[in-house]
Amino acid sequence: MPCRLSAALALVLLLSVRPAAAEPIDLYGRPIEFFLPAGYCHLDETQPAEKLLVDNIVGMNQGSNDLIAYFAPCNDLVAYRVGAIDVMSEYGIVFVPLVNGGFEASPSPRAESLPQIAATLPALDQAALQRLEQEASQNPQGITLSGSQFLGLIGQDANALYAGLVAQVSDGSSSFPAAGVLAITQLQDVVMTVNLYRPYRSNADIVALLSEAEIYVAQLVAANP
């Protein structure tokens, strides 16, 4: 059974889980102004359960992506740390993709590199979206996915490319269908991906994640002209 927080304990935990303020970070020798989306906080690697999540992501992406940030809604982190929820089903991850296991600076400005990357991505799979929406409408208890499905390019603007996906996510004891949006952007000459996830109930979740990704990436780009 989920435990209830006393008002005092909830206040203490909320004070200890604060959104990260904007601050310059050294990224491969580049000073990058970095911050999290509004309402999100970094996972805390001094917390054993959160360190395990971070270590798993790092291990799964060894040699292919450098982890820059792993974050979740601040309120979810509070609940997770006291056992009020068993899994953080909404979260975000920022990576820098590696080339041959190492960082490679983009040789082109963002305005040139994004169209080049877009040309390598598949177009939006409208048929897959329709199948997902139909299955979701017929299964009020939620759909079950086998593996993951890349939905292709769902949007692009001057700041980033946006791709959609759905996947069955497991924490080892339970699983749930997740919607995901992957934003590909470039800050200075560093290409990075912003990955946002939440439980999939309908295609409206993909649309909502796309809007969140667009807002967040626009803020990052504006902070790093």
Condition (residue is hydrophobic (A, V, I, L, M, F, W, C), out of contact with any strand residue (DSSP E or B) (no Cβ under 9 Å at 6 or more places or on another chain) and farther than 15 Å from residue 163 by Cβ) applied to segment 178-197: is it met by at least one residue? no
Return the pairs, sorted by first residue and then second, in which the second residue is of a type outside the set (Asp, Glu) and surrounded by fewer than 16 Cβ atoms within 10 Å (Cβ to Cβ), the first residue lies in segment 96-117 and is over 19 Å from residue 182 (Cα atoms), the beta carbons are less than 6 Å apart, and the residues are 6+ apart or on different chains. 101/63; 103/28
For residue 70, all conditions in the list (1) out of contact with any helix residue (DSSP H, G or I) (no Cβ under 7 Å at 6 or more places or on another chain); (2) closer than 29 Å to residue 38 by Cβ hold save one; what is the number of the exception? (1)
Taking segment 40-63 and keeping residues touching a strand residue (DSSP E or B) at 6+ places or on another chain (Cβ under 7 Å) and not aliphatic (A, V, I, L, M) leaves 40, 41, 42, 61
Taking segment 140-186 and the residues there that are without any contact (Cβ under 8 Å) to a residue 12 or more places away in the chain and not small (Gly, Ala, Ser), the one that is surrounded by the fewest Cβ atoms within 10 Å (Cβ to Cβ) would be 141
For residue 124, state whether it is surrounded by 17 or more Cβ atoms within 10 Å (Cβ to Cβ), farther than 16 Å from residue 36 by Cβ and among the hydrophobic types (A, V, I, L, M, F, W, C). no
So the check is Cβ under 8 Å with 6+ separation or different chains; which pairs have a first residue in segment 187-215 that's basic (Lys, Arg) and a second one that's in a strand (DSSP E or B)? 198/178; 198/179
Which condition does residue 78 not pass, out of (1) under 18 Å from the mean Cα position of the chain (by Cα); (2) over 19 Å from residue 186 (Cβ atoms), if it passes all the others? (1)
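A short reminder: the numbers here are calculations on the coordinates, not readings from a lab. As the structure is a computational prediction, the values presented were derived from the model and not from experiment. Methodologically, a virtual Cβ is constructed for each residue, glycine included, from the backbone with ideal geometry; neighbour enumeration extends over all protein chains shown.
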